[in-house]
1. Ignoring ligands, DNA and RNA, how do Asp401, Asp320, Asp162 rank by accessible area with a 1.4 Å probe, largest first?
2. Can you tally the net charge around Glu280? Count Lys and Arg as +1, Asp and Glu as -1, for every other residue whose Cβ sits under 12 Å from the Cβ of Glu280.
3. Taking loop as defined by DSSP and a crowding limit of 15 other beta carbons within 10 Å, which GluC sites (Glu not before Pro) in the stretch 310-404 fit?
4. Using a 1.4 angstrom probe on the protein heavy atoms only, could you order Phe278, Phe238 from most to least accessible area?
5. Note down the net charge around Gly171, summing +1 for each Lys or Arg and -1 for each Asp or Glu among other residues with Cβ under 14 Å from its Cβ.
6. Could you compute how much accessible surface Glu176 exposes when probed at 1.4 Å, giving the result in Å² to the nearest 10?
7. What part of the accessible area of the stretch 173-321, given as a whole %, is carbon or sulfur when the probe is 1.4 angstrom?
8. If I ignore ligands, DNA and RNA and count only protein heavy atoms, how much of Asp360 is accessible to a 1.4 Å probe, in Å² to the nearest 10?
Amino acid sequence: MTLFWILCAGLTLLLALIIIFPLTRGRAESSHSRNELNTQLYRQRIKELEQDSELGLLEDDEALQQELQKSLLDDVVTNETKTRDGRSPLTIISALVLMIAVSVGVYWQVGAHEEVAEWQRVSGNLQELSRKVLIEPDESVTEQDVRELILALRTRLHQDGDDYRGWLLLGRLSLEMRDGETAREALEKAIKLTDEPEAVYVPYAEALAMTGENLRAEQMIRNVLVSQPGNLEAWSVFAFMAVQQNDFEQARARWQQMLEIMSPEHPRYAMIQRSIAFAEQQMSSNQQAPVTGPRYQIEINTGTSVPYHPGAVLFVFAVDANGGEMPLVARRIEQPAFPLSVTLSNADAMVPDNNMSSRDEIIIKARIAPSGNVTDITNAWEGRSGVLSTSEDKQLSVIIDTPL
């Protein structure tokens, strides 16, 4: 906060110099220019008087010269007095005070002083928030308490960026709040700060899955389970990834593996049983309405020229290759992190009877829409596949590199 006020004072001083210095300098230069003009006119008039005197046209040329000198002196004195008045300290101080008052008034009306005050309050309350949320949690802890703790922790880490445990805690709290981007950034820093990065791999894989990087996340979890087959947290995240992809059969198998590792007295044993029942229920529903037709596994990435838009949404959809822009199937992915993998099938159909199987050939498109609306092409970018046959499943890559 001290830096904020130092910058404010520096900007105010700069603005004062920009406004006041040219004003006083301009007046001085204007007065100086007028004095030079008066002097030139005086000399020219003297020459004219000398010429008239030589021609005998003047009776008292000395009196006229004295009068001309007096007139020049009066003009110069008057201008210097005005210049001194224009440069008076009172005028400059008044202008400076007015400028500061206007600046403060504008900031008070449109500035974020309330948000800054709230940020200061939360940042100074880190110890109390840590005690309430982490050390002595109870039913009174709210989502707002967790968000305030995250804000206070981020502020502390901005000042002390070498705290491995702080970054790890920030990442785990962000995962709880479903903020995949913040969790990913925090856990990446934690990995760089520790000599045992494998201790961070499981939550980091969860953050990757949350931001759409399923392939990297799954490979990381598999590597952890090879070396630590009894890691319950890894198995839990592994099952969560399967649920994200609507693969309930795989999710059930992974939860079942967790039950084999856990004892019936484990606090989470009953919860895992309920998760298995949920997966079986979803599998039963899918069996009653089986999804047939082609299935495409699409690896999506962006070109180097594609700008980053924090609020952008990724749309992946298929259209008829023989004409028509109406999507047959579509997926919407918020806060995409590239590269990512997406599966398209008839289960993603906009209208059940109007799907990919009703066409012979399709084209798959991937579009980044900063507005979040697929029909709004403002600053949007797109990539597309070649023509694909709907008679077989396929794995393919799509690069987003074309502005719309």
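The values are calculated or read from the model by the stated rules, or taken from the named source; none is laboratory data. Worth saying up front: this structure is predicted, and the values here are computed from it rather than measured. Reconstructed Cβ throughout: ideal geometry from the backbone, glycine too, with neighbour counts over all protein chains shown. Each accessible area value is taken on the protein alone, full model and side chains, heavy atoms only, with ligands, DNA and RNA left out. Shrake-Rupley method; radii C 1.70, N 1.55, O 1.52, S 1.80 Å.
1. Sorted by accessible area, descending: Asp162, Asp401, Asp320.
2. Its environment carries a net charge of +1.
3. Glu325, Glu392
4. Phe278, Phe238
5. In short, -1.
6. 130 Å²
7. 47 percent
8. 130 Å²
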